[in-house]
Amino acid sequence: MQIIFDRWNRSSIVRETFIIKRFTQLEDFIIRLDQSEFTEIIAKDTFSELYIGGGNDNYAVSVSIDGIIFDLINKEQNSSRKHIPIVIAGEQLFYSPMKVVSIEDTLLAAEHYFQNRNKNSSLKWKKRA
């Protein structure tokens, strides 16, 4: 599987492409996300892509399958209406608490995607309009 991993140094970016053969390699990249130097991972297959952004236990995860995008939804009920800032691709974006997930759910989604090239049906996903 091909992954693209960004590395920021002040205002410049280097995108590195790797071919990985084991989930543990992808897991290592996910754990390195810190919303500062490392902010985004894209895992690619022929007809699908997994996007993971953020870090520090605040992640935004989506899967694109045949051009249809699904966002991973936080299964914990969060009554906060405050949007959460997450740095992705070097840019601070504000996400609904519903779309901000933990490292645990991020790793579950990533492992399932790595093994099946699809979204994990045991997690909650929402199709983008």
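So the values come out like this:
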| item | result |
| --- | --- |
| Scan of the range 7-47 for residues that are surrounded by fewer than 18 Cβ atoms within 10 Å (Cβ to Cβ), part of a strand (DSSP E or B) and among the β-branched types (Val, Ile, Thr), ordered by number | Ile13, Val14, Thr17, Ile19 |
| Cβ pairs under 9 Å, 6+ apart, first in the range 25-40 and in contact (Cβ under 8 Å) with a residue 60 or more places away in the chain, second small (Gly, Ala, Ser) and open to solvent by less than 30 Å² (accessible area, probe 1.4 Å) | Leu26/Ala43; Leu26/Ala110; Glu27/Ala110; Ile30/Gly55; Ile30/Ala110; Ile31/Gly55 |
| Residue within the range 97-113 that is farther than 16 Å from Lys124 by Cα and either of a type outside the set (Lys, Arg) or open to solvent by less than 30 Å² (accessible area, probe 1.4 Å) (or both) present | no |
| Some residue of the range 74-82 being among the basic types (Lys, Arg), surrounded by fewer than 16 Cβ atoms within 10 Å (Cβ to Cβ) and part of a strand (DSSP E or B) | no |
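The values are calculated or read from the model by the stated rules, or taken from the named source; none is laboratory data. Computed from a prediction, not measured in an experiment: that's the story for all the values here. Every residue, glycine as well, gets a Cβ built from its backbone with ideal geometry; the counts of neighbours run over all protein chains shown. Calculation scope for accessible area: heavy atoms of the full protein, side chains included, ligands and nucleic acids excluded. Shrake-Rupley method; radii C 1.70, N 1.55, O 1.52, S 1.80 Å.
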